[in-house]
Structure formats: structure tokens, C-alpha cells
Amino acid sequence: MSPIGASDDRLRVAVVQMNTQDDKARNIETAMRLIGDAAATGARLVCLPEVWTYLGPEGGHYPAAEPIPGPLTADLADAARQHDIYLHAGSFLERNGQDGQLLNTTLVFDPSGDVVARYSKIHMFDVVLDGVATYMESSTVTPGDAITTFEIDGFTVGLAICYDLRFPELHRILALRGAEAIILPAAFTMTTGKDHWEVLVRARAIENGVYMVAPAQIGSHPPGKWCYGRSMVVDPWGTVIATSPDVESVIVAELDLQRVRTVRRQVPSLANRRPQAYRWPDPVSSGTR
């Protein structure tokens, strides 16, 4: 007998969209409630967004950060056990970086509450949005350096976080390592999200013949910044099969392994690769002058 939420090469996934603030205790309370709502849909896998424990001024990053293991991971393990689900813990700031810095880390818990996957964000969101805002994630966060996949009920799943979306090479490597779905928790800015979010999520799905599962942050948070939201699930053809309204919410979708196989047979871009013809420029250009 297949587990609840998984049958015949299908996996039921619930995506949680949050409006995280600078009150960590309240954020955790909200997340636990939404995890319960998501589990009640019959989902086998529940996914949280990026940095859901704290969104606020940089001065609050370190106080809000957690060790692994720690009190937060104990609560998340309990939630996975209580609801009998796989729980993708979005991402949160981990006290385990270099020189007092942090890591932006995601964990995946199985229904027994055991950690079955771990990934720390590789690409730092260091950007200047002219006339809008400057973001410098690397000022408090150390980048990770390991690419991660894990197995759930016959699916191979890859992990990425937010700004990683803009680096197609990471998603291609995940697909070449067998990923049939990629989970990408995010806190995309309103400025970039309205023009780039859906385009990039769908592109990564199409390029690699994978499901993209993308839980996001929505709305304003201190100090006067905004997240775009529009959490979504995209199938391997690039079709958006579920998307969130512009409020805290839970959406549900079914992932189908046969759909992955069909799309990859029809458009065999992974099989048609020619690695022997690819050469990285030396030195690699940033594309600016």
C-alpha cells in the first residue's frame, strides 16, 4: 500500500506561502499552523519558504539564527512526526558559518522526524537595484558549496534556494544527478519578482524536464521592503499547475513521474547534451565592461 499522498508514481505536495516579519516567535507559530493546514490536505510533502523564521533588519539576523540541531529543528522534527509527512523546512539562518557568519540552510525531515537532506544556499544575493534598494547577503551569510538531492517515494528531488534560480548550471547539475523535481524556497523582491519570478521558474522546469516547487514570501516586512509572493508549482513542460493568491496561503499539486518521463522523451534536451563541445571561457567574463 502506498503512503497517503503518494500512489502510482504520484506525489502530493503542499506549498506554504508566508508573510514573515521580524518577530521570530510569531513567525514560528504561524508556520506551525500552516504546516498543519497543509498536512490536512493529504499532502505527503509540505514545503516552507525561504528565511521564514525572520525577515527584518540585518542586526536581527544573528539573534534569530539557530544551530543545527537546535530548538527549531526539534520543533520541525516533531511537526513531521505529528503530521506523518515529509517536511521541507524552507530555509532559515544557521549559526555555523565562517568567521561568525551564518548559513542560509534548508533541511528535509522524513515522517519519523529524521533529517534526510540538507542544503545551504550557494549563490549570495548581492545586488544593487538602482533607486530601489541594495541587498548584500554575503555581509552576514557564508555561501554553501554542496549540491544536494534526496529520495522521496520514488522521486529524486533536488534542492536550491531563491537567488540560486538565476544560475541554470546548478539546476542542470541537479537534473543530471537524477532530480525529477526541484524545491526552491524564495523571498524574491517585488521589484525583480514581478518581471522575473514566473519566467525563471518556468524556464528552469522546461530546460531540465523537472517539476519546480517554489514556496515564496509575500508582502511587506521591516525595514520597508516587499516580497513578491506568487508561490507556484510548475510541471516539466513549463505549465503552472498551482499558484498562490497574494496572501499567506497553502496550495496543493500532484507531481507525476510519468509526466517527467513523457516530457523528457518528447524533448530530450538532457539526452541531447554535448559536453565535449562545452568550454568555460578562461577567464570567465561577468558579462559587463
Quiz item: Short version: ³J(HN,Hα) in whole Hz for each residue of the range 51-64, in order, from phi by Karplus 6.51 cos²θ - 1.76 cosθ + 1.60 (θ = phi - 60°), x for Gly and Pro, what are they?
Solution: 5, 7, 7, 6, 9, x, x, 4, x, x, 4, 5, x, 7
Practice problem: Identify all lysines with a Cα-Cα distance to residue 121 below 22 Å; exclude those on the same chain that are fewer than 8 residues away in sequence. | Solution: 24, 225
Practice problem: Amide H neighbours of residue 148 under 5 Å, at least 5 residues apart or on other chains, H built in the peptide plane: list them. | Solution: 159
Self-check item: Sum of side-chain charges, residue 196 neighbourhood, beta-carbon under 13 Å (Lys, Arg +1; Asp, Glu -1)
Solution: +3
Practice problem: Add +1 for every Lys or Arg and -1 for every Asp or Glu among the other residues with Cβ under 12 Å from the Cβ of residue 143, and state the total. | Solution: -3
Quiz item: Where the convex hull is taken over the Cα atoms of the chain, what is its projected area averaged over directions, in nm²?
Solution: 15.7 nm²
Quiz item: Given +1 on the Cβ of Lys and Arg, -1 on the Cβ of Asp and Glu, and no further charges, what dipole in debye does the chain carry about its Cα centre, rounded to the nearest 20?
Solution: 940 debye
Quiz item: How about the range 83-190: which GluC sites (Glu not before Pro) there lie in a loop by DSSP and see at most 11 other Cβ atoms within 10 Å?
Solution: none
Quiz item: What residues from the range 179-200 fall in the zone where the backbone N is under 13 Å from a label point 7 Å along the Cα-to-C-beta line of residue 220?
Solution: none
Self-check item: Cβ-based exposure ranking for 167, 125, 92, in which fewest neighbours within 10 Å come first
Solution: 167, 125, 92
Quiz prompt | 18 Å Cα-Cα reach of residue 194 towards aspartates and glutamates, excluding residues that sit fewer than 8 places from it in its own chain | solution = 50, 130, 164, 246, 248
Practice problem: Would you kindly derive the ³J(HN,Hα) couplings of the range 263-270 from the backbone phi angles with the Karplus curve 6.51 cos²θ - 1.76 cosθ + 1.60 (θ = phi - 60°), listing them in order in whole Hz, with x for Gly and Pro? | Solution: 5, 5, 6, 6, 10, x, 5, 5
Quiz item: What are the residues whose amide H is under 5 Å from the amide H of residue 96, where those residues sit 5 or more places off or on another chain and H is modelled from the backbone?
Solution: 103
Exercise. Please list, in chain and number order, the residues 5+ apart from residue 125 or on another chain whose amide H is under 5 Å from its amide H, with Hs placed from the backbone.
Key: 137, 138
Practice problem: Could you point to the residue in 109, 190, 173 farthest towards the positive end of the chain's charge dipole, with +1 and -1 charges on the Cβ of Lys/Arg and Asp/Glu respectively? | Solution: 173
Self-check item: GNM result for the chain, Cα springs below 10 Å: residue of 116, 141, 201 fluctuating most strongly
Solution: 116
Quiz prompt | the chain, helix-only ellipticity at 222 nm - DSSP H runs n ≥ 4, -39,500 (n - 2.57), divided by all residues, nearest 500 | solution = -6500 deg cm²/dmol
Self-check item: Residue with peak Gaussian network fluctuation, the chain [Cα springs, cutoff 10 Å], from 215, 275, 236
Solution: 275
Quiz item: Using the alpha-carbon centroid of each, what span in Å lies between the range 105-149 and the range 196-247?
Solution: 17 Å
Quiz item: Hey, fewest Cβ within 10 Å first, where do 171, 221 land in order?
Solution: 221, 171
Quiz prompt | Stretch gain in nm, segment residue 84-residue 126, where the contour uses 0.36 nm per residue and the Cα spacing is subtracted | solution = 11.3 nm
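A short reminder: the numbers here are calculations on the coordinates, not readings from a lab. Keep in mind that what you see is a predicted model, and the values were worked out from it rather than measured. All Cβ positions, even for glycine, are placed from backbone atoms using ideal geometry, and neighbour counts span all protein chains on display.
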